[in-house]
Structures are given as C-alpha cells and as structure tokens.
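The values are calculated or read from the model by the stated rules, or taken from the named source; none is laboratory data. Quick caveat, the model's predicted, so the values are computed rather than measured. FYI the Cβ positions are ideal-geometry reconstructions off the backbone, even for glycines, and counts take in every protein chain you see.
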Amino acid sequence: MVSDSDQQKLEALSARISKAQKEANPSRRREGESLGAHSSIVRAMRIGSDFVAMVIVPTVLGGFLDDQLKTGPWIMLSMVFVGFIGGFYSLVHTLDEGRRKGQDGSDAKKE
C-alpha cells in the first residue's frame, strides 16, 4: 500500500523528471506539431534511395545472369528497363501517398 506521503513523493519525482526532460531536450516537438523540413528531407531521401535500389538491383542481377547464360547484355538491358519502370512506379506511389497525407501525418480530406 502507498501512503499519502509516498504518493506525494512520487508525484514530486514525476514532476522533477518531466522538468528535467524538457530542459535536456528543448527542441522536442510538442504533441501534434509537424516535423516540417525534416519530414521533407526524409521523404526525399526515401524517394531517391528507393529509385536507385529499384534500378541497381535488377541491373546487377541481369549482369550476373548474362555472365552465367552467356547471353551478352540483353538480360541486363531488359532488367535496367524493368528497374526504371519499377522505380517510376515507386516514385509515383510515394508522391501520391504524400499528397493524400498532410504534412503532419494526418489523412487529408479525400475528394
């Protein structure tokens, strides 16, 4: 059982911890506040890395298959084409997802 004095000590400790956390991290965003520019940078990096991965992975796979099957550059060129198609699809999907969501992450009103 917790006595009244123990309860008061716990509440005081909780208040002190909250105060120390706020002082230690003053840039901590308030609840519901958007990330703003950082969110845009993260999204741009995601789009870029997704596109590059969608092109490079099939290209490397195509080059490996060309070496194994002795087919020349044809499989690799086909895989580059497939990679670009996949990259653009991923790009459009990510941008459309961002359009549907607001900057604060809440769903925008769908028309």
Item to check | Matching residues in the stretch 1-54 - criterion: being surrounded by fewer than 10 Cβ atoms within 10 Å (Cβ to Cβ) and modelled with pLDDT of 75 or more | outcome: Ser3, Asp4, Ser5, Glu23, Ala24
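Scan the stretch 71-96 for residues that are in a loop (DSSP other than H, G, I, E, B) and β-branched (Val, Ile, Thr) and report the count. Steps first, answer last, please.
Filtering the stretch 71-96 down to residues in a loop (DSSP other than H, G, I, E, B) leaves 71-73.
Those left that are additionally β-branched (Val, Ile, Thr): 71.
Adding up the residues that qualify gives 1.
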Checklist entry - Can you name the residue in the stretch 87-107 that is within 14 Å of Val42 (Cβ to Cβ) and of a type in the set (S, T, N, Q) and is also modelled with the highest pLDDT among such residues? => result Thr94
